[in-house]
Amino acid sequence: LDKQTIDNKNIYLLLSWLKFEFTNNLLSLLQNTDFKINIIKWRNKIDFELLKYMYNTVWNFNFIDFINLKDSYKDIDIFIWKAWWATFSECIATNTPIIVPDFIPWQEEWNLELLKQSNTWIYETNPEKIVFLLKYLNWNLLIDNFNKIKKQNSCDIIYEILNK
């Protein structure tokens, strides 16, 4: 699935491993926007239930217990989650930009370095800056970057980037 355009209307936020304070601050800023925000519980039941209770009347928030991500990428405009390599790979394959607000040091920082050089994602910890990016960045500028990283031999790409 190669999207030809990237809208910034349908945002997916996966709660697993994200800190409650960050998520709550981000949602408080997004509740008065025109974005459709899909909040996925996955492995974070406590935060999910609390946020669902706090924001249950917000018209543009959709709380989802679980989704099959592989079947959902066609609907995801922007994905917000941590620096997990499998998710990055799926986002690259589907031209889905990802915003990373957190990562596990010594475990995921190499993922960030690889994607930093590909220009297919954004690392940002500040919720206000994330909202600014969602509102004003032309996400379609990233499409060429997705196409560049999708070479036939992905091992060669990784080797080239890590050995620069």
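The values are calculated or read from the model by the stated rules, or taken from the named source; none is laboratory data. Only a predicted model underlies this, so the values are computations on that prediction, with no experimental measurement involved. All Cβ positions, even for glycine, are placed from backbone atoms using ideal geometry, and neighbour counts span all protein chains on display. Only protein heavy atoms, including side chains, enter the accessible area calculation; ligands, DNA and RNA are left aside. Shrake-Rupley method; radii C 1.70, N 1.55, O 1.52, S 1.80 Å.
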Task: Proximal aspartates and glutamates relative to LYS45, as straight alpha-carbon distance under 18 Å, when same-chain residues fewer than 8 apart are discounted - done: GLU21, ASP65
TODO: Answer rounded, prolate or oblate for region 39-89, using the Cα gyration tensor with square roots of eigenvalues a ≥ b ≥ c: rounded when a/c is under 1.5, else prolate when a/b is larger than b/c, else oblate.
DONE: prolate
Open item on the list: If each DSSP helix of 4+ residues adds -39,500 (n - 2.57) and the sum is divided by the residues in the chain, what number results at 222 nm, nearest 500 deg cm²/dmol?
Closed with: -12000 deg cm²/dmol
- [ ] Please name whichever of ILE130, ILE40, ILE80 sits farthest to the positive end of the charge dipole of the chain, dipole taken about the Cα centre and charges placed at Cβ: Lys and Arg +1, Asp and Glu -1.
- [x] ILE40
Open item on the list: Which of rounded, prolate or oblate describes region 70-127 when judged by the alpha-carbon gyration tensor and an a/c cut-off of 1.5?
Closed with: prolate
- [ ] Express in nm, to one decimal, how much length is gained between GLU109 and LYS9 on full extension, taking 0.36 nm for each residue of separation and deducting their alpha carbon distance.
- [x] 33.2 nm
Open item on the list: Let's test the formula: R0 of 22 Å, r as the Cβ-Cβ distance of THR125 and ASN32. What FRET efficiency results, to the nearest 0.05?
Closed with: 0.50
Task: Total charge dipole magnitude, region 23-164, about the Cα centre, Cβ charges on Lys, Arg, Asp, Glu only, Debye to nearest 20 - done: 140
- [ ] Compute the relative contact order of region 23-126 as a whole-number percentage, counting only Cα pairs closer than 8 Å that sit 6 or more residues apart in sequence.
- [x] 20
Open item on the list: Can you sort VAL100, VAL58 by solvent-accessible area, 1.4 Å probe, largest first?
Closed with: VAL58, VAL100
TODO: Give, in whole angstrom and from largest to smallest, the semi-axes √(5λ) of the equivalent ellipsoid of region 1-130, with λ running over the eigenvalues of the Cα gyration tensor.
DONE: 22, 17, 14
TODO: Kindly flag which residue pairs out of LYS3/LYS129; LYS82/LYS148; LYS41/LYS70; LYS9/LYS150; LYS82/LYS116 have an alpha-carbon separation exceeding 20 Å in this structure.
DONE: LYS3/LYS129; LYS82/LYS148; LYS9/LYS150
TODO: Excluding ILE104 itself, calculate the net charge of residues whose Cβ lies under 13 Å from the Cβ of ILE104, where each Lys or Arg counts +1 and each Asp or Glu counts -1.
DONE: -1
Task: Net length gained if the chain between TRP85 and ASP65 were fully extended (0.36 nm per residue, minus Cα distance) - done: 5.0 nm
Task: Solvent-accessible surface ranking, highest first, for THR23, THR125 at 1.4 angstrom - done: THR125, THR23
TODO: Would you work out the charge dipole size for region 9-103 about its Cα centre, treating the Cβ of every Lys and Arg as +1 and the Cβ of every Asp and Glu as -1, and quote it to the nearest 20 debye?
DONE: 100
Task: Local electrostatic count, ASP7, Cβ distance below 14 Å [Lys/Arg +1, Asp/Glu -1] - done: +2
Task: Hz values of 3J(HN,Hα) by residue in region 38-44 - Karplus curve (6.51, -1.76, 1.60), Gly and Pro given as x - done: 9, 9, 9, 5, 6, 10, 9
